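Enquirer: Right, I'll just put the structure down here and ask away after.
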Amino acid sequence: MIVIKFGGTSVRDAERVANAIDIVAERRHRKPIVVVSALAGVTDDLVAASEAARRGDIERVATIIDRVRQRHEDVATRLVQQKFDFFESFLKQLQKQIDQVRTILHGIALLREITPRAKDKVLGIGEKLSSVLFAYSMMMRALPGELVQSEDVVITDDRFGEANPDMRATGENAHRVLLPLIERNLIPVMGGFIGRTPDHATTTLGRGGSDYSAAIVGAAVGAEEIQIWTDVDGMMTCDPRLIPGARVIERIAYDEAAELAWFGAKVLHPKTIAPAVGLDIPVRVLNTHNVASPGTVITRDGDDRGAGPRAVAVKRNIAVVHMTSNKMLGAHGFLARLFAIFEELKISVDLITTSEVSVSVTVDDTENLDALKLKLANVADVRIDAGQSIIAVVGRNLMGESMVGPAIFDALQGIPLTMFSLGRSGLNLSIVVDDADADRAVRSIHHALFEAPVGVA
């Protein structure tokens, strides 16, 4: 079996849905399970509808939901090809989901409040609609697509908006729900991004979490390969929108790919790799608009090129929290007291640097900075620099490659640095700069490492 996941841009309109279905058809012999994202832009529409409902703007809600419904119906209409029975069944399924979201949004409008639980219910509708559309479009094109409700497979905790999977329960469900369909030569089609708690509340895995869903399902069924179909040729040495000459990375290790995803590479959801690692399942990133491209294969060991950088990524709009106290000098447990406050506020940390009397960390939760500063002030002097970017150079044994550090620092001449971090693993060399300097810094580093004649590529 393989798992095939299509991103929102890969199912944006009728032409792209048809192209995605052709990709599935060409891989039918590999017993595919299909996972789809919401159509591009639909999740944003649902966020806007939620906010309108919270304000009590029922007219705005109706306009948005009508537009979402019409868009899915228009795509299906262009794919009908005289299969009217399938089309009527599709319309019934579509209306069922639309009625459900209208009911939830009406309740939000009455209360003028949206709970995390209700928000997940609304946002998950986008993937439900796209999976209905994709499954019935497959049927219209004589492929045996079988719609599967993601909540019947993926079980999570109740951390709404950022739920974590229960892999044991999910594995049991996958064997009960998906494998019998595969044995009957059907092609299961599921929405990504969503799951449910043991008490049947809909949850979401975080924005962009359809990649994560694909990996969860792939691990649950012991897939041969997980394919992530997107709108670029694979993982690249940098974001091609910033560096048009960025190169495709043919093979990369799990840990390198996870670092790149976490530090801003948009091709993969940051958590995508985790479920595949334990079972050594390859993840292949491919381009729906360039099917002939071999893409990037992510495996446990990557390639055999040894030490050196693989790519540069940038994570924007983060904050650096500087904490200083003379009480740290030679004290035991002081860091524990500081980080207990981060735990209390559920704020995760990316980078850490320390000295005898100070600690600096980066955080991407910029909404809770005031509360964080207030609580930390009881323990240390605090300064917070917002509007910062982390530039991460990711590779293998960067400490063992003598040219990497000098090349990076030479490239950054004239750009003020807020923070610098290199772990003993040599996997990630990170520099923090002001957001306004980020693009210039990335271009300079990429040129030095991957374009200049002396680069280490």
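Enquirer: Within the range 332-345, track down each residue that is among the small types (Gly, Ala, Ser) and either open to solvent by 60 Å² or more (accessible area, probe 1.4 Å) or assigned to a loop (DSSP other than H, G, I, E, B) (or both).
Expert: Of everything in the range 332-345, those that are among the small types (Gly, Ala, Ser) and either open to solvent by 60 Å² or more (accessible area, probe 1.4 Å) or assigned to a loop (DSSP other than H, G, I, E, B) (or both) turn out to be GLY333, ALA336.
Enquirer: As an exercise: evaluate ILE431 against (1) under 29 Å from ARG305 (Cβ atoms); (2) within 26 Å of the chain's Cα centre (by Cα); (3) exposed (fewer than 15 other Cβ atoms within 10 Å of the Cβ) and give the number of the one condition it does not meet.
Expert: Unmet condition: (3).
Enquirer: I'm told ILE252 meets every condition in (1) within 24 Å of SER137 (Cα to Cα); (2) open to solvent by less than 10 Å² (accessible area, probe 1.4 Å) except one. Can you identify the failing condition by its number?
Expert: (1)
For (1) at pLDDT 90 or above; (2) out of contact with any His (no Cβ under 6 Å at 6 or more places or on another chain); (3) open to solvent by 70 Å² or more (accessible area, probe 1.4 Å), each residue gets a yes or a no:
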| residue | (1), (2), (3) |
| --- | --- |
| VAL363 | yes, yes, no |
| THR366 | no, yes, no |
| LYS375 | yes, yes, yes |
| GLN388 | yes, yes, no |
| PHE409 | no, yes, yes |
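Enquirer: Checking the conditions here, which among GLU151, GLU146 is assigned to a helix (DSSP H, G or I) and either surrounded by 15 or more Cβ atoms within 10 Å (Cβ to Cβ) or of a type in the set (Gly, Ala, Ser) (or both)?
Expert: GLU151
Enquirer: Take ALA307 and tell me if it is surrounded by fewer than 23 Cβ atoms within 10 Å (Cβ to Cβ) and under 15 Å from the mean Cα position of the chain (by Cα).
Expert: Taking the combined requirement at face value, the residue does not satisfy it.
Enquirer: Among the residues of the range 94-124, write down those that are open to solvent by 50 Å² or more (accessible area, probe 1.4 Å) and not charged (D, E, K, R).
Expert: Hits for the range 94-124 are GLN95, GLN100, THR103, HIS106, LEU110, LEU111, THR115, PRO116.
Enquirer: Checking the structure you have, find out if any residue of the range 41-60 is in a loop (DSSP other than H, G, I, E, B) and under 28 Å from THR272 (Cβ atoms).
Expert: There is at least one residue in the range 41-60 that is in a loop (DSSP other than H, G, I, E, B) and under 28 Å from THR272 (Cβ atoms).
Enquirer: Given (1) open to solvent by 50 Å² or more (accessible area, probe 1.4 Å); (2) part of a helix (DSSP H, G or I), where does ILE64 come up short, assuming only one miss?
Expert: Unmet for ILE64, out of (1) open to solvent by 50 Å² or more (accessible area, probe 1.4 Å); (2) part of a helix (DSSP H, G or I): (1).
Enquirer: Further question on the same structure: Among the numbered criteria (1) under 12 Å from the mean Cα position of the chain (by Cα); (2) part of a helix (DSSP H, G or I), which single criterion is violated by GLY264?
Expert: (2)
Enquirer: Another question, then. So which residues in the range 157-207 are of a type in the set (A, V, I, L, M), in a loop (DSSP other than H, G, I, E, B) and open to solvent by 20 Å² or more (accessible area, probe 1.4 Å)?
Expert: Result: LEU186, single match.
Enquirer: With the condition kept exactly as written, say whether any residue in the range 3-25 is out of contact with any Ser or Thr (no Cβ under 9 Å at 6 or more places or on another chain), surrounded by 21 or more Cβ atoms within 10 Å (Cβ to Cβ), hydroxyl-bearing (Ser, Thr, Tyr) and assigned to a helix (DSSP H, G or I).
Expert: There is no residue in the range 3-25 that is out of contact with any Ser or Thr (no Cβ under 9 Å at 6 or more places or on another chain), surrounded by 21 or more Cβ atoms within 10 Å (Cβ to Cβ), hydroxyl-bearing (Ser, Thr, Tyr) and assigned to a helix (DSSP H, G or I).
The values are calculated or read from the model by the stated rules, or taken from the named source; none is laboratory data. Note that the structure is predicted; figures quoted are calculated from it, not measured. Glycine gets a Cβ as well: all are built from the backbone with ideal geometry, and neighbour counts include every protein chain shown. Ligands, DNA and RNA are stripped out before the accessible areas are found, and what is left, the full protein with its side chains, is counted by its heavy atoms. Shrake-Rupley method; radii C 1.70, N 1.55, O 1.52, S 1.80 Å.
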